[in-house]
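Below you'll find the structure, written out as structure tokens, and then a few comments.
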Amino acid sequence: MFIKQNFKKLGIALILIILLTLPPASADWSSVTVITSITGKVVLPGDTVEFPITIEKGHNNSDEAWCSLSIKDKSDGWSAGFYNDGDQVTGLTFPEDKNSSKKITLRVKPPINTPNGAYAIWADFKPDDGDTISQEFVVNVDSEAVLDLDIYSDMPGLETRPNDPVEFYVTLENDYDHRVTASINVAEKPDSWDVEFLEEGNGKYRITKTSIAANDKQNFIVKVRPSTNVSDGTYPVIVDVALENSQIGVSQQLDLTINRGIEEEKMLTIFPESKSINLNPGSSREIVVNLRNSGDRTLNNVELKIQGVSGITTFVRSFGAIDELEPGESREIPVEIKVRADASPDTKEILMRAVSDEAESEDERVEVSVVKSSSGGFIGIGMIIGALLLLVFIVSKFGRR
Amino acid sequence: MKGRNVFVIAQKEVADHLQDTGFLVLLAIYTIIIFSSTYMSGSFVHQESSMLLGSINVKMIAMFAPLIGIVLGFDAVVREQKSGSLNVLLTHPLFRDNIIAGKLLGSMLVLAAIIIFSVFVSIGTLLIFYGVEIGYTEIIRIFVFTILTFFYVSIFLGAAVLISTMVKDGTDSLTYNVVVWLFIGILFGAILKTAIAILTGDISNESVLITQLLNMAPIHHFAEAVVGRIDLGFGGFNSAGSVIGGIFDTEYTLTQCLIEFKMNIVVLVVTPAILFIIAFIAFLRKDITL
């Protein structure tokens, strides 16, 4: 019996000892309470790590309260600070008669040359009334850790001809809990190739930096123009994205295959209004042919050429060649197609091609079906019959001597 | 009674022509010439506003159609006089005016039939062979062209009848008519061009003097009214007389064409009438004794 009672007392004493020896995560007797759900994180050397912290005004405290924030201990060369809504803060104030809480972030950045290992950061939260609350945060520096920035391309491999530009679409994903700014650079490319980064919205503005909100992503275009004299093969273009503050970053390899055998994309294109028309012999019709500069360079002395076909005459109704056709610009040129009177009923093809000093279009075909007019034939028969009837009438009426 | 006599004479004149082998051969040859030249024109003409109208070889018609008028009229009077039938005719209750009016009327009727026949057969055959489209505009203009051709050839018919009335021999009449045809129908422009070049040294096609002198030639009025050119003769002037290319220019309405070329049309209509009147008077005053 005595032994049993001694065990109970010993158990209670142990529990009390354990409770009293636990680190003071909060102080019930203080005017504020500090709540930290995460106190340890893994980070790359040079990268930034954040610890979310919530500070609440103590219960049953109706007075105004404040709390100063400071870093008590950190390794040499490390930077650490408290941030609230993007601003670095050193103190918080809580209004009276209100039990409110505030969320702040402890942002810690180890130097880029920090060896791997666990490092402690001690933060002090000193309320206006009560004891200072000290909290330890552990940062585990690991050079093998994954950066919270990701880069990828859905189509990292494309094929083109020499000097024909291609566009890779690349996505940059920010997995940090805060906005990051990163610079975009070319880490590797073949000599004399042009690589430029374009804003995805209009594909026009060149970008050098991008800023991405927390847990957001951004697309941009990597436009690559291979040199004219490059030989067939696959060439890597490596895009490097580095965080502005730390200079650490991610990279994406884009493979561009040069193949002189693939069909060349035409810079100059033509679109006839009609690709098939029916005409009677001797009749004509005007069609409009649209000339378009589909490339990204200005074309000079653009002219529509039409190959002649026997029995069909064509007239290009324009003032000679177009001096300049800007990229994306198009012109409409009327073309009169006239079938000769003696053209036999047949289907003929007219070949059209636009040429300029720099490029020429593919051949477009307009099918002309020559169809004899049945009404014209009937009228012709009628005229001959009429003429013969007139002759018969005159002979019968006046032919008798 | 007088009117009926005129028609009887006209009917007999038509019958004489229709049963004249030489005339029928000429009619056939003329129709073939018109058809073949029109057919060939259709192969080469591509720029005209109407290909069918452009196919009609107006130059060929302008040069050779007068021969029909000459053939119809060159022996109209002199043949009757030489054969003595004129004296016989006048023993019947017929007046001289009945005879000349009947002959003119009969010749004009045959002429109209030939013009209509040749144009209709040529155009009709072209339509069948080529299968070209023909519209209302073209039909109307072909009809007006046929009328203008009739009046143009009537000038030579009137001249032929007049010459036939004035001379005493059919061969002379034919000779004079051929000379007239060659001079004012074929070579007037070339002769005028040469004369102007020698006298003034001006070889321009557009001088006022040339235009005024060309007014004397029926072919000028016919050419201007139909195709808007000042001359269609052999080696003559080759320039446009107006911005409107005659009644064949479908870019302008027929009314605009007729207004533009009203003077030419008036000349084409009035000239044969004057020649007929002169022939009429000459016949009335003619000594018909053999």
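All conditions but one from (1) open to solvent by less than 80 Å² (accessible area, probe 1.4 Å); (2) in a loop (DSSP other than H, G, I, E, B) apply to A:Lys223; the one that does not is (2).
Okay, residues lined up against (1) part of a helix (DSSP H, G or I); (2) at positive phi; (3) open to solvent by less than 10 Å² (accessible area, probe 1.4 Å); (4) not hydroxyl-bearing (Ser, Thr, Tyr):
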| position | (1), (2), (3), (4) |
| --- | --- |
| B:Asp75 | no, no, no, yes |
| B:Glu80 | yes, no, no, yes |
| B:Leu89 | yes, no, no, yes |
| B:Ser107 | yes, no, yes, no |
| B:Ile114 | yes, no, yes, yes |
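The residue that is farthest from the other protein chains (Cβ to nearest Cβ), counting only those in region A:367-378 that are of a type in the set (A, V, I, L, M, F, W, C) and crowded, with 19+ Cβ neighbours inside 10 Å, is A:Val368.
Could you tell me which numbered condition B:Gly84 fails, if it satisfies all but one of (1) more than 11 Å from chain A (Cβ to nearest Cβ); (2) modelled with pLDDT under 80; (3) over 20 Å from the mean Cα position of the chain (by Cα); (4) at negative phi? Every condition holds for B:Gly84 apart from (4).
A quick yes/no check of all residues on (1) touching a residue at least 40 places away in the same chain (Cβ under 8 Å); (2) open to solvent by 70 Å² or more (accessible area, probe 1.4 Å); (3) not in a strand (DSSP E or B):
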| position | (1), (2), (3) |
| --- | --- |
| A:Ile151 | yes, no, no |
| A:Leu158 | yes, no, no |
| A:Asn185 | yes, yes, no |
| A:Ser192 | no, yes, yes |
| A:Leu198 | no, no, no |
| A:Asn202 | no, yes, yes |
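Checking every residue in region A:300-318 against the condition of being surrounded by fewer than 14 Cβ atoms within 10 Å (Cβ to Cβ), within 14 Å of chain B (Cβ to nearest Cβ) and under 50 Å from the mean Cα position of the chain (by Cα) gives at least one match.
Does A:Arg260 satisfy being under 31 Å from the mean Cα position of the chain (by Cα), under 30 Å from A:Thr171 (Cβ atoms) and modelled with pLDDT under 80? No. A:Asp131 falls short on exactly one of the conditions (1) open to solvent by less than 30 Å² (accessible area, probe 1.4 Å); (2) assigned by TED's automatic domain parsing to the domain that holds A:Thr93, and that condition is (1). Only one of the numbered conditions (1) more than 9 Å from every other protein chain (Cβ to nearest Cβ); (2) open to solvent by less than 10 Å² (accessible area, probe 1.4 Å) is violated by B:Asp97, and that is (2).
Here's the yes/no breakdown for (1) farther than 14 Å from A:Ile384 by Cβ; (2) open to solvent by 10 Å² or more (accessible area, probe 1.4 Å); (3) of a type in the set (A, V, I, L, M, F, W, C):
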{"residue": "B:Gly124", "(1), (2), (3)": "no, no, no"}
{"residue": "B:Glu138", "(1), (2), (3)": "yes, yes, no"}
{"residue": "B:Phe143", "(1), (2), (3)": "yes, yes, yes"}
{"residue": "B:Phe150", "(1), (2), (3)": "yes, yes, yes"}
{"residue": "B:Gly158", "(1), (2), (3)": "yes, no, no"}
{"residue": "B:Val161", "(1), (2), (3)": "yes, no, yes"}
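Look through region A:93-117, keep the residues that are open to solvent by less than 80 Å² (accessible area, probe 1.4 Å), under 39 Å from the mean Cα position of the chain (by Cα) and not charged (D, E, K, R), and return whichever of them is nearest to A:Glu56 (Cα to Cα).
Of the residues in region A:93-117, the ones open to solvent by less than 80 Å² (accessible area, probe 1.4 Å) are A:93-95, A:100-102, A:104-111, A:114, A:117.
If we keep only those that are under 39 Å from the mean Cα position of the chain (by Cα) as well, we get A:102, A:104-111, A:114, A:117.
Still in the list and also not charged (D, E, K, R): A:104-106, A:108, A:110-111, A:114, A:117.
Details: A:Ile104: 11, A:Thr105: 14, A:Leu106: 16, A:Val108: 22, A:Pro110: 29, A:Pro111: 32, A:Thr114: 34, A:Gly117: 32 Å.
Checking each candidate, the answer is A:Ile104.
Is it the case that B:Lys12 is modelled with pLDDT under 80 and either more than 30 Å from A:Asn280 (Cα to Cα) or within 13 Å of chain A (Cβ to nearest Cβ) (or both)? The answer is no for B:Lys12.
Only one of these is more than 10 Å from every other protein chain (Cβ to nearest Cβ) and surrounded by fewer than 14 Cβ atoms within 10 Å (Cβ to Cβ): A:Glu364, A:Glu336, A:Glu358, A:Glu329. Name it. Explain how you work it out, then say what you get.
On the way: A:Glu364 fails: surrounded by fewer than 14 Cβ atoms within 10 Å (Cβ to Cβ); A:Glu358 fails: surrounded by fewer than 14 Cβ atoms within 10 Å (Cβ to Cβ); A:Glu329 fails: surrounded by fewer than 14 Cβ atoms within 10 Å (Cβ to Cβ).
Matching residue, one of A:Glu364, A:Glu336, A:Glu358, A:Glu329: A:Glu336.
Against the condition over 60 Å from the mean Cα position of the chain (by Cα) and within 12 Å of another protein chain (Cβ to nearest Cβ), how does A:Ser344 come out, does it pass? No; evaluated as a whole, the condition is false for this residue.
For region B:104-139, what are the residues that are more than 10 Å from chain A (Cβ to nearest Cβ) and farther than 26 Å from A:Asn278 by Cβ? Result: B:Leu104, B:Leu105, B:Ser107, B:Met108, B:Leu111, B:Ile115. Pairs please, first residue from region B:135-156 and over 29 Å from A:Ser374 (Cα atoms), second anywhere and open to solvent by 30 Å² or more (accessible area, probe 1.4 Å) and of a type in the set (A, V, I, L, M, F, W, C), Cβ atoms under 6 Å, 6+ apart in sequence or on different chains. Every condition considered, the pairs that remain are B:Phe151/B:Val269.
The values are calculated or read from the model by the stated rules, or taken from the named source; none is laboratory data. Since we're looking at a predicted model, the values are computed, not measured. Because the Cβ atoms are built from the backbone with ideal geometry, glycine has one as well, and the counts that use them run over all protein chains shown. These area figures cover heavy atoms from the full protein model, side chains too; ligands, DNA and RNA do not enter into them. Shrake-Rupley method; radii C 1.70, N 1.55, O 1.52, S 1.80 Å.
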